[in-house]
Amino acid sequence: MATMVNVVCLKWGTMYGPEYVNRLFNMVSRHLTLPFRFICMTEFTEGLNGDIEVYPLPEFPEPPPEHAQYCSAWRKLALFQPGIAEMQGKVLFLDLDVLVMDNIDAFFSFSNKLSIIENWYQPGQLVGQASVFCFDAGKPAALLDNYLREPLAVLKQYRTEQAYITGELGAEGVEFFPESWCLSFKKHCMPSGISRFFSSAVKQPKNVKILVFHGRPNPPDAIKGEWGKALPWYKKWYKRVQASPWVAEHWQ
């Protein structure tokens with residue numbers, strides 16, 4: 001009998017409604033054949049699918065504003081607390097705005113190390129992209145302990161939680177997923193460089209397991225062909241996105 005695995009997400013604040021969690025649960029259910037627990041940690045439980053295990057948002061001291069302005073995701077480190085949500089074995093963390101497009105069983109057997117996306121914009125620099133990462137429950141507890149012991153020292157050395165995770169674990173303690181598993185909507189589907197000024201065309205990726213929407217647009221925005229927030233006039237020339245109905249085929 002296959003071992004139970006864990007899929008976990010965090011939802012804090014009001015930026016993302018319960019529909020993001022429910023859609024993520026539906027996508028995981030379609031693309032994971034292993035027995036799994038789907039866990040959402042949040043302070044807002046209304047509207048969540050009854051099959052989702054809901055736990056309180058873990059306590060975590062938020063960085064001071066001068067550091068939080070660069071990264072608001074340091075709370076992800078709380079997932080490394082031993083015993084949290086009674087998780088055992090493999091844990092796959094997913095951001096709420098990712099698009100699960102194909103089978104994800106392989107994420108759980110890929111490595112005995114903490115495994116994570118290699119940051120597409122910093123290749124070869126040992127910097128992760130923490131929209132998707134997998135680890136053994138309770139194993140990277142030192143990452144949380146070190147941050148809680150000297151948060152300002154960590155924040156001065158690392159600008160983001162994802163740089164901290166991979167920087168502290170080092171090349172011996174982390175493994176990057178195969179590049180084709182997790183792609184970026186913004187980098188791999190939208191025009192890049194100067195071509196953004198002339199085209200808003202979007203390419204549908206092939207043979208990708210998870211498509212990551214980091215920053216703007218989010219999946220509902222991409223479906224409609226909107227950036228998702230008001231922009232000054234000079235940014236409207238290059239921050240454009242073509243309506244992408246194929247996203248809706250997965251975002252359901």
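For the chain, what does the relative contact order come out to in percent, with C-alpha contacts under 8 Å and a separation of six or more?
Relative contact order for the chain comes out at 19 percent.
For region 87-183, what proportion of DSSP beta bridges, expressed in % and rounded to the nearest 5, is antiparallel?
75
Any idea what diffusion coefficient region 74-125 gets from Stokes-Einstein, in µm²/s, Kirkwood Rh on alpha carbon pairs, 37 °C, 0.692 mPa s?
My calculation gives 243 µm²/s for D.
Tabulate in residue order the Karplus-calculated ³J(HN,Hα) for region 50-64, using 6.51 cos²θ - 1.76 cosθ + 1.60 with θ = phi - 60°, rounded to whole Hz; enter x for Gly and Pro.
Working through the residues one at a time gives x, 7, 8, 7, 10, 10, x, 4, x, 5, 7, x, 5, x, x Hz.
Place a label point 7 angstrom from the Cα of M4 along the Cα-to-Cβ direction, then list the residues of region 34-51 whose backbone nitrogen is under 16 Å away.
Answer for this model: 34-40, 51.
Determine the sum of side-chain charges near D51: Lys and Arg each +1, Asp and Glu each -1, restricted to other residues whose C-beta is under 14 angstrom from that of D51.
+2
Tell me, which longest segment in the chain has none of the trypsin sites (Lys or Arg not before Pro) that fall in DSSP loops with at most 15 further Cβ atoms within 10 Å?
By the stated rule (loop sites, at most 15 other Cβ atoms within 10 Å), 1-158.
If you roll a 1.4 Å probe over the heavy atoms of the protein chains, what accessible area per residue do you get for the chain, in Å²?
That works out to 48 Å² per residue.
Give me Rg over Rh for region 101-176, both radii from the alpha carbons and Rh done the Kirkwood way, two decimal places.
My calculation of the ratio gives 0.98.
What is the percent carbon and sulfur in the accessible area of region 40-95, measuring with a 1.4 Å probe over the protein chains and ignoring ligands?
48
Would you mind giving the average projected area, over all directions, of the Cα convex hull of the chain in nm² with one decimal?
13.9
Per 5 Å bin from zero, what fraction in whole % of the C-alpha pairs of region 1-138 is there, up to the bin with the longest pair?
2, 9, 19, 23, 22, 15, 7, 2, 0, 0
Name all residues of region 11-49 having a backbone nitrogen under 14 Å from the label point set 7 Å from the Cα of Q204 along its Cα→Cβ direction, giving them as ranges.
It comes to no residues whatsoever.
Can you give me the distance in nm between label points at Q125 and L152, each placed 7 Å from the Cα along the Cα-to-Cβ direction?
With each label point 7 Å from Cα toward Cβ, the separation is 2.7 nm.
Give, as a single signed number, the net charge of other residues whose beta carbon lies under 13 Å from the beta carbon of G89, with Lys and Arg counted +1 and Asp and Glu -1.
Neighbour charge sum, excluding G89 itself: +1.
Using amide H atoms built 1.01 Å from N in the peptide plane, name the residues 5+ places from E175, or on other chains, whose amide H lies under 5 Å from its own.
Those qualifying (amide H under 5 Å, at least 5 residues apart or on another chain) are L114, S115, I116.
The values are calculated or read from the model by the stated rules, or taken from the named source; none is laboratory data. Please read all numbers here as calculations on a predicted model, not as lab measurements. Counting neighbours? That spans all protein chains shown, and the Cβs are built from the backbone with ideal geometry, glycine included. For accessibility, only protein heavy atoms count, side chains too; no ligands or nucleic acids. Shrake-Rupley method; radii C 1.70, N 1.55, O 1.52, S 1.80 Å.
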